[in-house]
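J.: What follows is a single structure, and I will ask about it in a moment.
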Amino acid sequence: GFAYAHKINNEIITNDTWPDQIGPLKTNTALQYDKNFKNVEKWGFPALAKKPKKSNGKSKNQTASKPVEHFKLHLSNIPDNEKPVLPKGINYKKAITDYLKCMGKLIKETIAARWPNVRFMEQVSIILTVPTGFSDQAKAIMRECIYEAAEAAAVYCMKVLKEHNLDTVGTNFLIVDCGNSTVDLTTWQLLENDQLGEKIIRASGFCGGVYVDKEFLAFIERKIGPTVLTLLQENRYGELLYMVQEFCKKVKCLFTGNKEETIGRR
């Protein structure tokens, strides 16, 4: 996702308009390439959420190529067998770069619609946040894909502290950044002159949204069996992805953590 603000009126506006989507504050890390995996045809939500059509029994209702997903996990230090397998001819750097190109195009269009006379390359500063658990090597790779990377969550939280009259020097606050691949924890202290000091070593775990999706598929596997799930993945992959996205939209994103909303794993 992304947000933007003007330096004079510093109201932060979070984008909620995406291809084929209005409302969510972020979109999926996914790309749909052409059959040769050269050009991006769809990105974000539309790359995954293809509503299944009624079949006459002669068609497998498949897209020309499977979506490329979760490629950002290749920057992490998780075991290689837990990283997504990418199609032949696609490496994770290309996927990240292609995704950022699509995102960048949308950002430019959004800024131009808001401020028609803005000179984007001269007047707009871009801050790209990265998970706190990323290594220096991973950050360097991200810089190959986009000009610079930085962390802005704590600066935003300073504004929220002021809104709630908690902007006293010495105030400590915890940032819990629940992303698609990681959940990052950092503790900060508000210092004099609106400066920030990090209190402890950052903690990061690979337990973000994609792992919830994996658990949902594991739940389905326990219900229908591994053989049937494998057949779905091989022959009805688009429909399976659509089901996962419906789960995300109607269950995962609405979940508040209340015990009455929780069911046991079976």
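J.: Looking at segment 110-127, is at least one residue under 25 Å from LEU185 (Cβ atoms), assigned by TED's automatic domain parsing to the domain that holds ASN9, out of contact with any helix residue (DSSP H, G or I) (no Cβ under 7 Å at 6 or more places or on another chain) and assigned to a loop (DSSP other than H, G, I, E, B)? Before you say what the answer is, go through the steps one by one.
T.: Quick first cut of segment 110-127, residues under 25 Å from LEU185 (Cβ atoms) only: 127.
Of the ones still in play, those that are also assigned by TED's automatic domain parsing to the domain that holds ASN9 are 127.
Still in the running and out of contact with any helix residue (DSSP H, G or I) (no Cβ under 7 Å at 6 or more places or on another chain): 127.
From the residues that got through so far, the ones that are assigned to a loop (DSSP other than H, G, I, E, B) too are 127.
So far as segment 110-127 goes, yes, one or more of its residues are under 25 Å from LEU185 (Cβ atoms), assigned by TED's automatic domain parsing to the domain that holds ASN9, out of contact with any helix residue (DSSP H, G or I) (no Cβ under 7 Å at 6 or more places or on another chain) and assigned to a loop (DSSP other than H, G, I, E, B).
J.: Can you name the number of the only condition in (1) modelled with pLDDT of 85 or more; (2) over 22 Å from ASN180 (Cα atoms); (3) not polar (S, T, N, Q) that ARG266 fails?
T.: ARG266 satisfies every listed condition except (1).
J.: Starting from residues that are more than 23 Å from ASP184 (Cβ to Cβ) and either in contact with a His (Cβ under 7 Å, 6 or more places away or on another chain) or touching a residue at least 12 places away in the same chain (Cβ under 8 Å) (or both), keep the ones in segment 197-219 and report whichever is surrounded by the most Cβ atoms within 10 Å (Cβ to Cβ).
T.: Residue satisfying both the conditions and the ranking: LEU217.
J.: Could you say which residue among ASN172, ASN258 is touching a Lys or Arg at 6+ places or on another chain (Cβ under 7 Å) and polar (S, T, N, Q)?
T.: Working: ASN258 fails: touching a Lys or Arg at 6+ places or on another chain (Cβ under 7 Å).
Residue meeting the stated conditions: ASN172.
J.: Another question, if that's okay. Regarding segment 89-96, can at least one residue be identified that is in contact with a Ser or Thr (Cβ under 6 Å, 6 or more places away or on another chain) and surrounded by 16 or more Cβ atoms within 10 Å (Cβ to Cβ)? Write out each step before concluding.
T.: Narrowing segment 89-96 to residues in contact with a Ser or Thr (Cβ under 6 Å, 6 or more places away or on another chain): none.
Scanning segment 89-96, I find no residue that is in contact with a Ser or Thr (Cβ under 6 Å, 6 or more places away or on another chain) and surrounded by 16 or more Cβ atoms within 10 Å (Cβ to Cβ), so the answer is no.
J.: Any idea how many residues of segment 105-153 are surrounded by 12 or more Cβ atoms within 10 Å (Cβ to Cβ), modelled with pLDDT of 85 or more and of a type in the set (Lys, Arg)?
T.: Selection size over segment 105-153: 1.
J.: If a residue must be outside any loop (DSSP other than H, G, I, E, B) and in contact with a helix residue (DSSP H, G or I) (Cβ under 7 Å, 6 or more places away or on another chain), how many such residues does segment 11-43 contain?
T.: Restricting attention to segment 11-43, the residues satisfying the condition of being outside any loop (DSSP other than H, G, I, E, B) are 13-14, 17-18, 21-22, 30-33, 40-43.
Those still in the list that are in contact with a helix residue (DSSP H, G or I) (Cβ under 7 Å, 6 or more places away or on another chain) too: 18, 21, 30-32, 40, 43.
Of the residues in that region, 7 qualify.
J.: Which residue is modelled with the highest pLDDT, if the candidates are limited to segment 44-59 and must be surrounded by 12 or more Cβ atoms within 10 Å (Cβ to Cβ) and in a loop (DSSP other than H, G, I, E, B)?
T.: Within segment 44-59, the match that is modelled with the highest pLDDT is GLY44.
J.: Criterion first (more than 28 Å from ASN77 (Cα to Cα), in contact (Cβ under 8 Å) with a residue 40 or more places away in the chain, not assigned by TED's automatic domain parsing to the domain that holds THR187 and not aromatic (Phe, Trp, Tyr)) does GLU239 satisfy it?
T.: Yes.
The values are calculated or read from the model by the stated rules, or taken from the named source; none is laboratory data. If you're wondering where the values come from, they're calculated on a predicted model, not measured in any experiment. Because the Cβ atoms are built from the backbone with ideal geometry, glycine has one as well, and the counts that use them run over all protein chains shown.
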